[in-house]
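These notes concern the structure reproduced below.
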Amino acid sequence: MKIGYARVSTLDQSTEIQIAALKEAGCEEIYSENMSGKNRNRPELKALLKSLRKNDTLVTTKIDRLARSLSDLFKISDEIEKKEANLQILEQNFDTGTATGKLIFSVLGALAEFERHLIVNRTTAGLERAKANGKKLGRKRKVKKENERKMKKLWEAGE
């Protein structure tokens, strides 16, 4: 049986396109969730992995939907292999049921992790540049300084 997995990182994103592709690929069941890929504690992924049986195929649209680090990818891959199931990635058009698919899986996993590191490095550099240029980072204050002082005086007075 083919079992699909769709994931997006934020609540304002949608899994619709992924789910449509998974249905087109013949998935009979589809697990989906809105959660960061760097978070290994994903309830739907755990449930999917637990439900896998011998000869099942876990199908996902892209490798980074499954994991964002190489170590996570290999842990998930090991769980799939222990269940004697396979992994199919639609966008890269491979299946770990073949030797070539296993090789491609390893290479693409390394590239996905590399891409994640590049994103983190660029974000960090951008934040540091913004700070150096005097840009205030973070949320805007909800309470103005003047009102904060008034509230503090009232609180200290026991009101």
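The values are calculated or read from the model by the stated rules, or taken from the named source; none is laboratory data. Just so it is clear, the structure is predicted and the values come from calculations on it, not from any experiment. Using ideal geometry, Cβ is built from the backbone for each residue, glycine included, and neighbour counts are taken over all protein chains shown. With ligands, DNA and RNA removed, areas are computed over all heavy atoms of the protein, side chains included. Shrake-Rupley method; radii C 1.70, N 1.55, O 1.52, S 1.80 Å.
If we scan segment 140-154, do we find a residue that is under 30 Å from Lys38 (Cα atoms) and part of a helix (DSSP H, G or I)?
Checking segment 140-154: not a single residue is under 30 Å from Lys38 (Cα atoms) and part of a helix (DSSP H, G or I).
For segment 40-71, give me each residue that is at pLDDT 90 or above and among the polar types (S, T, N, Q).
Passing the criteria: Ser51, Asn55, Thr57, Thr60, Thr61.
Which of the residues spanning segment 122-142 are polar (S, T, N, Q) and open to solvent by 100 Å² or more (accessible area, probe 1.4 Å)?
Once the filter is applied, which keeps residues that are polar (S, T, N, Q) and open to solvent by 100 Å² or more (accessible area, probe 1.4 Å), segment 122-142 yields only Asn133.
Please find, within segment 112-121, the residue that is modelled with the lowest pLDDT out of those that are more than 28 Å from Lys54 (Cβ to Cβ) and open to solvent by less than 80 Å² (accessible area, probe 1.4 Å).
So the residue we want is Glu113.
Consider Glu128 carefully, then state whether it is assigned to a helix (DSSP H, G or I), touching a residue at least 24 places away in the same chain (Cβ under 8 Å) and more than 19 Å from Lys2 (Cβ to Cβ).
When the stated conditions are applied, Glu128 does not pass them.
If the Cβ limit is 8 Å and pairs must be 6+ apart or interchain, which residue in segment 135-159 that is farther than 30 Å from Ala125 by Cα pairs with which residue that is assigned to a loop (DSSP other than H, G, I, E, B) and open to solvent by less than 100 Å² (accessible area, probe 1.4 Å)?
If the second residue must be assigned to a loop (DSSP other than H, G, I, E, B) and open to solvent by less than 100 Å² (accessible area, probe 1.4 Å), the pairs left are Met151/Val143.
Scanning for something farther than 25 Å from Glu16 by Cα, modelled with pLDDT under 90 and aliphatic (A, V, I, L, M), does segment 72-94 turn up at least one residue?
Scanning segment 72-94, I find no residue that is farther than 25 Å from Glu16 by Cα, modelled with pLDDT under 90 and aliphatic (A, V, I, L, M), so the answer is no.
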